[in-house]
Amino acid sequence: MYPPVALPAPVALVPGRPLAARLVQHAERYPGLLPSGVTQLVSELNGYPQGVAATVDEPRNGGDHSLLLHTRTYVVRLFVTRSGDAYTVAGINPMQLADQHRLASGALMLRAEWHAKLEPREVPPGFRAQWDVVHNGWTALRNRPADRRAVTEPGPAHTRYLDRLDRLIDATQRIAGERQNAPASYPYGKVESVAERRYSAEGVYAFHIVGKRFPVRNKYVGIRGARDYRGQVRRVEGDRVLVRFDRLIDRKELPEQGELEETAGDVVHTKRREAVRLLRTQRERNRSLLPVLVDHRLKPVQDVSDRPGEELDEDQLAAFRMALGVQDLALVLGPPGTGKTRTISEIARACALAPDRGPVLVTSHTNRAVDNVLVKLPKDVVVIRVGSEGKVDPDGRQFLLEQLAADLRREAIGRAETALRGYATLPQARQWLPVLAQRTEAMAAAFGALVQERHELERIRYAAGGPVRDRITELRAGLAGQDQLLARRHGELGLLVSRDERARARRWWPPFAALARAAARRRERRITACRAQFDTAAAEAGRLRTEIATAEHHLNVVIHDVPPVRAARQAAALAEQRFVASRDEVEQALRAIRSLVAAVDALPAVAIEGDPAQVLDILRRLNAWLPGRLDVLAAREKLLAEWRVGISGAVDQLYPELIRYADVIGATCIGSASRTELADVEFDLAIVDEAGQIGTADVLIPLVRARRAVLVGDHRQLPPFVGDGVADWADGTGDAETTALVTKSTLEMLVDEVPGSHVVRLTRQRRMPRVIADFISDMFYDGTLRTMVERTPDTSLFAKPLAFVDTSGLPERERAESAAPGGRKGTVNHAEARVLGALAEYYHRRGVEWALIVPYAAQVKLIAELLGRSIRDSDAIDGNIGTVDSFQGGERDVILYGFTRSNRRGSVGFLDELRRANVAFTRAKQQLVLVGDMDMLLRATDTRFRELATSLRDHVRDTGDVRKYAEFMTDLEGLR
Amino acid sequence: MADRKRVMPYPKERILEDAAFSRELAPTRLLALLLPVWQVEVRATVTDGRPYELIERYIERGIAEGALGTKEELAAFLALDEPIVDRALRFLHAVGHVVEREGRLTLTELGRRSQRDDRYYFVKREDRRKLYFDAFASRPLTRSYYDAGAVTLPPADEVMSLVADSGQPPFQMLCNPGGFRREALRELANHTDRERYNLPVRIEQPESLQEDLVYLPLYVVRAVDRRGAVRYLAYSQAGAEADPEFTELCEKTPGIREVLDIADLAVDPERQESQVTEWCRRRGFEQVEPVRLDEGGWQVTLPAEAFGPKRIPHYRIGSFAVLSTCLLRIRCEDKELRERALLERVGSYVTRRSGVTAADLDGRVDRVARQLELTADVPEVRRMAADAGETKLAGRLDELLAGPVE
């Protein structure tokens, strides 16, 4: 342990002047603990063969260094003598805790040959203190490098990146908090339980709101003063607000009166921070994440030979292979309709079905994007959805962990109960076992008797047969001889034929061919002769058999009425009856057992009327096997009863196991970090869908949890959502990289930085009619998007799949936009709202799948109110009208889009983010109807938007259907 | 003060009260030590165990007891989806519990052993884990010392900051007596009570990869029992009750015991007296006479006015003040005040804690009464509460006397 230092020459110790007196004092206080003098000290020091622990004490008050020697119970202080030839013993003191402490901080193991000298002059010449050796050892000890730390710190570039992320997360949380300073609140006077359809243990309660303000549907609310309760408004019915909480809540826990308040929640920030911390402490599962994100250093993609379960196009197949072979991170760029989801599900399936690969995490920013992928996974993949029941898409609920576990439990309990009824007759079956055994033996005995009676009958028949019998005996002997001959001939013939076949199969050297042919002819002659002999023998045997049959018949006639024969015949007939009766009894027992276990087991079949000897053999084996089999069935019954009890326990006991067995786990980015059961799951691959919409702080949450990742998305569609405050903050930092982290997705930041081997672009779209796709391809994808689908257009309303209803012809006051009512942010346009509402109603009535997309929430609200008058189904309205952001990833037969903006200024507001138009237009499978003030759009002050509008105008004019507002409204009215 | 709290999760007075009133010893001194501990990274083939989960348990039982030999049979029997059974079997196969022979599933020896012991065993080859051994006897530490949330075991280079921040009494490192005894690893194989020592079910060919010295903070109470024998009770961060292993280590290990004995011998009684006097003077009790007890401790008896808000709190009556070289027991001459203190402490105990049983309460009352030099049991405290008009407390005590309470 302590580094050893050996003094090469002997060392002398000389007592200091006050030593003796001090030792006397100490002896009173610490009897027997300290040596009585230098002589005893030296003897004790030399008694430690390994040496003694030694430290060096720094000089005090301008004095010298001292050397401290530590034994178990005392400490000796030594100074080098003035002449440097020995050490003076200045003191010997008991070992105190402070001495232990000093030793623990570091010491040398000093080994020397100690000599006691009572006076300095007694030190022999040549002796030296060898202080330099001690001092060097001590200096080396002090300079020993600090312990190597187990965790190395990330490099400076990585640290800067992580610091930047932490600052961003802090700022986002702070800004969100500032906005939450005065969250809207809604006092309530009463709480009640409700009967609401629910899939898990989350609580749903109704709050009777006091006052006139109500929270709106889907808003997140909490209970003031109780941070743990967080839920979502499901419905508002009169003064009742139904809230679905994130977890099970005891009714008693809810205050009878209180206030609901809108919440933002800080779980998001916590999870983001946690991901950064995992990277900082190098505990992320994907150890290449920082090199990829910061240094753009990636490991090569490995070749794989996996095949997809369904046919993929060339790009999709390349993406599939890249995803399976990537070691760190890969990107799949998927413009609208190019089959991202199909590709993802094939990747997930291939990972799932390979037993050596770990589970796959399918994740995205929104619940809808996650569920879109899950529903497309094949049935042989075990899928678990983790999330809050209220937020998971209805399609995704079937995979919800809570629901799967509940279904599994219910099914298992139900089937176990049914099956247990089937086991109830096992004891009766067991009672039949001895019966069967006994009857089997009875049948064996009856069979034995039958055989005996038959022999007896035969014997008596022959005895009574006279000359006829002798003739039969003679004929039988002849037949036996003939049968032997026949067997011999058969053997010879077989030999000749096989020898001939072998010879014919050989290829002969031409000079021998003639010889071979001659030999073949000889063999043929011999075979013919042998066959003739065989036929003769067979005919003779046949003749003998006929003659025996005739003789037997004659014998029967002769002996028929002979009394002993008649008696023997009767006895044999009786034995036969008995045997058949015993066999029937066996069969009855077998049938009974079989029917008693039929519900739980299928016993082997026995052909009871077969050869009795064989049947008896089978029965005996069955008798031996059955008790063991019934034991097994009894064990199964017990097991099943216990399984039923086990599975009837709390449903959540199944969660960890179901998660472990899942091939694919679906969760939002935040959700992937919020379940404790997921913490230990070693995901092999994270597939992040809609990655073009996800900022780095969010995408890291799933990425740190999987060994490898594939980001799937399209950076030409919507970028991550950024609140105003955060964007302003980022601009204020003056740091371009911070701004990029805020405004760009990780996908966008990496797409031009990582090697081409790690990026696959999907280019074949199968959603939109060509006329829409071509416009999109030119505007957003450099003309690379190819259309692989032919749509048959519905021309009932529009002549072409791309239509534009132009409001420019209306008087300005009619077509113009106005500010959102009630002082809210945003813009509305009444003329557009009317035509869009009428179109939506038209398609809704015809049962066509439609969606209505507008840029402003205020316009959404206006149209929803208009539609509410004609369409009663509020879910249909909510689910089909929205802003662009809520439709990314979705598709409909008909898409209705209204630009909303119409003003003299040529201001298009945030429509200048052209990617919104890309998302909106590309949702259409059959028909895209655009509504807007084309004149104004062409005058837009934003250059890029103006270019888009011009291209659009040209494209619609050439290949689409342009309609004037007023006349179109008239047509539409006519169709209603 | 805050720093000291950070090292040990409880006030030091609590362990002195434990020694004095639960163990009936006379405490004379409190020392704060840092015990050297080997943190050894061990590589071994390890068999560990965990409780079975539901589905895997019944799949294995189905194979073993129900002679169910295929994925399909098991799925039908348990009414589970085949893919779920398939994935469960993949895990059981990977962990070495199940194999397929001639198309039928059977349990391996490990699977059968797991079934027999009703514990899911798994073998980890090349398992690496860190184990703690005290540096004196190289004996493994018990499970509670692996709870990183409760126990800190700083390495040597971090321990100095702990020492610097540790307040009074200062934490002193004990020196490591020698290297790690490697045989201790081999001894693990035969160690009994594995659960208590945080050891896996089976450990084969253990090999030390790295040994680091870390330090475990301990409070050691020197106390004298009724026969005059000196005891050294060791309290760690794992709890405010003396740790039996470390107590034994302090009392029986020569290198520690001697140093502790010397620490006591080295104390100058005059210095103790001046510390005690100074303690009294600072609180304005120059006139009271501290008394040195035969066992080595000190006590001072104060009037009722000494206690109360902004003075010495009632809960410290009968307890100890920790001085650097000795302990001072703080007594109160006023019986009425002591009775009030008893009611306060019992009241606080029964209202702040949930799940208190009648037996807990008996023990608590007994201990607090002894600290306050009163003779009282629960019925007596209940009577005192009623007399004092503490109806709520009396009611609560009635409930507890009647039976266990949720």
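Look at the stretch A:496-516: where a residue is part of a helix (DSSP H, G or I) and a partner is exposed (fewer than 10 other Cβ atoms within 10 Å of the Cβ), sitting 6+ places away or on another chain with Cβ atoms under 8 Å, you get A:A516/A:R506. Of all the numbered requirements in (1) in contact (Cβ under 8 Å) with a residue 12 or more places away in the chain; (2) farther than 30 Å from A:R644 by Cβ, B:P11 misses one, and that requirement is (1). Checked across the stretch A:416-428, the condition of being more than 14 Å from chain B (Cβ to nearest Cβ), assigned to a helix (DSSP H, G or I), over 23 Å from the mean Cα position of the chain (by Cα) and farther than 30 Å from A:A650 by Cα holds for at least one residue.
Among the residues of the stretch A:755-764, is any within 34 Å of the chain's Cα centre (by Cα) and either on the phi > 0 side of the Ramachandran plot or free of Cβ contacts under 8 Å to residues at least 12 places away in the same chain (or both)? Within the stretch A:755-764, one or more residues are within 34 Å of the chain's Cα centre (by Cα) and either on the phi > 0 side of the Ramachandran plot or free of Cβ contacts under 8 Å to residues at least 12 places away in the same chain (or both). If only residues of the stretch B:172-186 that are more than 14 Å from chain A (Cβ to nearest Cβ) and surrounded by 14 or more Cβ atoms within 10 Å (Cβ to Cβ) are counted, the one that is nearest to B:G255 (Cα to Cα) is B:A184. When A:P793, A:P855 are checked against the criterion of being crowded, with 18+ Cβ neighbours inside 10 Å and either farther than 23 Å from A:F910 by Cβ or touching a residue at least 40 places away in the same chain (Cβ under 8 Å) (or both), a single residue qualifies: A:P855. Of the strands (runs of 3 or more DSSP E) contained entirely in the stretch A:1-68, not one carries at least 3 residues that are free of Cβ contacts under 8 Å to residues at least 60 places away in the same chain and surrounded by fewer than 20 Cβ atoms within 10 Å (Cβ to Cβ).
The test for being within 11 Å of chain B (Cβ to nearest Cβ) and outside any strand (DSSP E or B) does not hold for A:A369. One residue stands out among those in the stretch A:456-471 that are of a type in the set (K, R) and modelled with pLDDT of 85 or more: the one that is surrounded by the fewest Cβ atoms within 10 Å (Cβ to Cβ), which is A:R459. Of the listed requirements (1) in a strand (DSSP E or B); (2) away from chain B (no Cβ under 14 Å); (3) under 12 Å from A:L13 (Cβ atoms), A:I92 misses just one: (2).
Filter the stretch A:385-415 for residues that are part of a helix (DSSP H, G or I) and free of Cβ contacts under 8 Å to residues at least 60 places away in the same chain; which is nearest to A:A598 (Cα to Cα)? Across the stretch A:385-415, the extreme among qualifying residues is A:R415. Considered as a group, the residues in the stretch A:650-670 that are of a type outside the set (A, V, I, L, M, F, W, C) and touching a residue at least 12 places away in the same chain (Cβ under 8 Å) include one that is nearest to A:A352 (Cα to Cα), and that residue is A:D663. The set of residues in the stretch A:102-127 that are farther than 20 Å from A:G47 by Cβ, crowded, with 19+ Cβ neighbours inside 10 Å and either within 14 Å of chain B (Cβ to nearest Cβ) or small (G, A, S) (or both) comprises A:R102, A:A104. When the stretch A:655-704 is filtered for residues that are assigned to a helix (DSSP H, G or I), within 14 Å of chain B (Cβ to nearest Cβ) and farther than 17 Å from A:V392 by Cβ, the ones remaining, listed by number, are A:P656, A:E657, A:R660, A:Y661. Within the stretch A:627-649, the set of residues being farther than 21 Å from A:I593 by Cα, facing chain B (nearest Cβ under 7 Å) and without any contact (Cβ under 8 Å) to a residue 40 or more places away in the chain comprises A:L639, A:G646.
Residue-wise test of (1) modelled with pLDDT of 90 or more; (2) surrounded by fewer than 22 Cβ atoms within 10 Å (Cβ to Cβ); (3) over 25 Å from A:Q926 (Cα atoms).
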| position | (1), (2), (3) |
| --- | --- |
| A:L839 | yes, no, no |
| A:I863 | yes, no, no |
| A:R869 | no, yes, yes |
| A:G882 | yes, yes, no |
| A:G890 | no, yes, no |
| A:G898 | yes, no, no |
| A:V908 | yes, no, yes |
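Checked against (1) more than 30 Å from B:Q299 (Cα to Cα); (2) more than 10 Å from chain A (Cβ to nearest Cβ); (3) in contact with a helix residue (DSSP H, G or I) (Cβ under 8 Å, 6 or more places away or on another chain); (4) not in a helix (DSSP H, G or I), B:L30 passes all but condition (1). Filtering the stretch A:372-397 to residues that are away from chain B (no Cβ under 14 Å) and charged (D, E, K, R) leaves A:K376, A:R385, A:E389, A:K391, A:D393, A:D395, A:R397. Here B:H191 fulfils each of the conditions (1) over 24 Å from B:Y121 (Cα atoms); (2) of a type outside the set (D, E, K, R); (3) under 23 Å from the mean Cα position of the chain (by Cα) apart from (1). Looking across the stretch B:242-271, not a single residue is more than 12 Å from chain A (Cβ to nearest Cβ), crowded, with 17+ Cβ neighbours inside 10 Å and at pLDDT below 90.
Selection of first residues in the stretch A:454-482 that are over 27 Å from A:E540 (Cβ atoms) and in contact (Cβ under 8 Å) with a residue 60 or more places away in the chain and of second residues that are small (G, A, S) and crowded, with 18+ Cβ neighbours inside 10 Å, restricted to Cβ pairs under 6 Å at least 6 apart or on distinct chains, gives the following pairs, ordered by first then second residue: A:R454/A:A572; A:E456/A:A568; A:L457/A:A568; A:L457/A:A572; A:I460/A:A568. Just one residue in the set A:E453, A:E474 is among the acidic types (D, E) and surrounded by 17 or more Cβ atoms within 10 Å (Cβ to Cβ); that residue is A:E453. The residue that is farthest from the other protein chains (Cβ to nearest Cβ), among those in the stretch A:75-85 that are closer than 20 Å to A:G106 by Cβ and not β-branched (V, I, T), is A:L78.
Screening the stretch B:61-146 for helices (runs of 4 or more DSSP H) wholly inside it with 2 or more residues that are modelled with pLDDT under 95 and more than 13 Å from every other protein chain (Cβ to nearest Cβ) returns the ranges B:109-117.
The values are calculated or read from the model by the stated rules, or taken from the named source; none is laboratory data. Predicted model, so just to flag it, every value in this text is computed and none were measured. Counting neighbours? That spans all protein chains shown, and the Cβs are built from the backbone with ideal geometry, glycine included.
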